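A.B. asks: Take this structure first; my questions come after.
The values are calculated or read from the model by the stated rules, or taken from the named source; none is laboratory data. Since the model is a prediction, treat every value here as computed from it, not as a measurement. Cβ placement follows ideal geometry from the backbone for every residue including glycine, while neighbour counts extend to all protein chains displayed.
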């Protein structure tokens, strides 16, 4: 083993990964951070963040993550724009592989996050952050007195639709089937709300919009009836995806314990996984809250857990 052994290797660079890098850096643990394919995590596809404490005027998502990164680097974190391709947690020091190069760590913090499931159409990507969103709690505020659409049929879609009625004048749920999979109580809450209507047996075929002075806005949607194939065009100011999230845990299958949705399991009240010395923080272990501030909080916890683990092992 010719390579140096790092005290902490952090996989992922959203609010969880970079907060753990700040805390590990300040504890003089010289963390090595592999930022992955989406440096900054989901916040980099969010235009404006208004609900993170300390930014009363709001801040652009990518700019916020740049500040997180600068802060981590200030305390000695080595941040690298590289993607981890394999891991071996069978013995310590743990092995983390980037392409064909092996790195070794006394502890590993997994902060690979989750990705919102999207429709996968070009127009959706084109307007992401400009009227298309995957987070109602993040972006609902921007749609006061406007008409928005929610795609989905599970509890998440019901929650998002319900939340959006606080701001939007009208919320329409588009669902590809003729009944929801959501729990009865959630369905009732939504269907009894006068602001909510439902379009059944339909999918979004295209997001329509326009561009003025470099600013993009959503103006409507093309909806396709899955039974008849008929296409209808509707006016829309915003579109919210609520078809679930996929935790980025492919790398850890068969290695770290996961729940039925493939989120990493941690011991209650901690960030400890089933392997001593490996910790999980942020959305990769959180299917419920999924907010930048909660991810940052668990990032802090993971760094403290790692520091205490190292101290118990006699590593300083």
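A.B. asks: Take residue 39 and decide whether it is buried (at least 16 other Cβ atoms within 10 Å of the Cβ), over 23 Å from the mean Cα position of the chain (by Cα) and assigned by TED's automatic domain parsing to the domain that holds residue 284.
C.D. replies: So residue 39 fails the test.
A.B. asks: At least 2 residues that are farther than 16 Å from residue 10 by Cβ and either touching a residue at least 12 places away in the same chain (Cβ under 8 Å) or more than 17 Å from the chain's Cα centre (by Cα) (or both) in each: list the strands (runs of 3 or more DSSP E) lying fully within segment 215-316 that qualify.
C.D. replies: Of the strands (runs of 3 or more DSSP E) lying wholly inside segment 215-316, those with at least 2 residues that are farther than 16 Å from residue 10 by Cβ and either touching a residue at least 12 places away in the same chain (Cβ under 8 Å) or more than 17 Å from the chain's Cα centre (by Cα) (or both) span 215-225, 231-235, 238-241, 245-247.
A.B. asks: Of the residues that sit in segment 60-81 and are buried (at least 18 other Cβ atoms within 10 Å of the Cβ) and at pLDDT 90 or above, which one is farthest from the chain's Cα centre (by Cα)?
C.D. replies: Kept after step one, since they are buried (at least 18 other Cβ atoms within 10 Å of the Cβ), are these residues of segment 60-81: 61, 64-65, 68-69, 72, 77, 79.
Pick out the ones that are also at pLDDT 90 or above and you get 64-65, 68-69, 72, 77, 79.
Details: 64: 15, 65: 13, 68: 16, 69: 17, 72: 20, 77: 22, 79: 20 Å.
So, considering only residues that are buried (at least 18 other Cβ atoms within 10 Å of the Cβ) and at pLDDT 90 or above, the one farthest from the chain's Cα centre (by Cα) is 77.
A.B. asks: Another question, then. With (1) out of contact with any helix residue (DSSP H, G or I) (no Cβ under 6 Å at 6 or more places or on another chain); (2) over 22 Å from residue 93 (Cα atoms) as the list, and residue 43 as the residue in question, which single condition is left unmet?
C.D. replies: Of the numbered conditions (1) out of contact with any helix residue (DSSP H, G or I) (no Cβ under 6 Å at 6 or more places or on another chain); (2) over 22 Å from residue 93 (Cα atoms), the odd one out for residue 43 is (1).
A.B. asks: Of the residues in segment 170-196, how many are part of a loop (DSSP other than H, G, I, E, B) and in contact with a strand residue (DSSP E or B) (Cβ under 6 Å, 6 or more places away or on another chain)?
C.D. replies: So the answer is 2.
A.B. asks: State yes or no: is residue 21 surrounded by 22 or more Cβ atoms within 10 Å (Cβ to Cβ) and under 22 Å from residue 304 (Cα atoms)?
C.D. replies: yes
A.B. asks: Is it the case that residue 167 is part of a loop (DSSP other than H, G, I, E, B), in contact (Cβ under 8 Å) with a residue 24 or more places away in the chain, more than 30 Å from residue 53 (Cβ to Cβ) and not assigned by TED's automatic domain parsing to the domain that holds residue 60?
C.D. replies: No; evaluated as a whole, the condition is false for this residue.
A.B. asks: Could I ask something else about it? Across segment 150-180, which residue is surrounded by the fewest Cβ atoms within 10 Å (Cβ to Cβ) among those that are under 17 Å from residue 233 (Cα atoms) and out of contact with any helix residue (DSSP H, G or I) (no Cβ under 8 Å at 6 or more places or on another chain)?
C.D. replies: Taking segment 150-180 and keeping what is under 17 Å from residue 233 (Cα atoms), we get 150-151, 170-176.
Filter once more, so that each one left must be out of contact with any helix residue (DSSP H, G or I) (no Cβ under 8 Å at 6 or more places or on another chain): 170, 172, 174, 176.
Numbers: 170: 18, 172: 21, 174: 23, 176: 16.
Step by step, filter segment 150-180, then rank; the result is 176.
A.B. asks: Tally time: how many residues in segment 267-293 are surrounded by fewer than 24 Cβ atoms within 10 Å (Cβ to Cβ) and farther than 17 Å from residue 96 by Cβ?
C.D. replies: The total comes to 13.
A.B. asks: Something else: Which of the residues belonging to segment 181-213 are exposed (fewer than 13 other Cβ atoms within 10 Å of the Cβ) and without any contact (Cβ under 8 Å) to a residue 24 or more places away in the chain?
C.D. replies: The answer is 184, 185, 188, 192, 194, 210, 211, 212, 213.
A.B. asks: I need a count of the residues in segment 282-316 that are under 16 Å from residue 249 (Cα atoms) and in contact with a strand residue (DSSP E or B) (Cβ under 6 Å, 6 or more places away or on another chain).
C.D. replies: Residues meeting the conditions: 3.
A.B. asks: Would you confirm whether any residue within segment 256-263 is closer than 26 Å to residue 75 by Cβ, surrounded by 14 or more Cβ atoms within 10 Å (Cβ to Cβ), in contact with a strand residue (DSSP E or B) (Cβ under 8 Å, 6 or more places away or on another chain) and outside the structural domain of residue 201 (by TED's automatic domain parsing)?
C.D. replies: no
A.B. asks: Looking only at segment 107-127, how many residues end up being outside any helix (DSSP H, G or I) and more than 30 Å from residue 95 (Cβ to Cβ)?
C.D. replies: 7
A.B. asks: Looking at 182, 125, 157 in this structure, which one is over 25 Å from residue 43 (Cα atoms) and under 23 Å from the mean Cα position of the chain (by Cα)?
C.D. replies: Matching residue, one of 182, 125, 157: 182.
A.B. asks: Kindly indicate whether any position in segment 137-149 is out of contact with any strand residue (DSSP E or B) (no Cβ under 8 Å at 6 or more places or on another chain), surrounded by fewer than 16 Cβ atoms within 10 Å (Cβ to Cβ) and in a helix (DSSP H, G or I).
C.D. replies: Checked against the condition, which is being out of contact with any strand residue (DSSP E or B) (no Cβ under 8 Å at 6 or more places or on another chain), surrounded by fewer than 16 Cβ atoms within 10 Å (Cβ to Cβ) and in a helix (DSSP H, G or I), segment 137-149 yields at least one hit.
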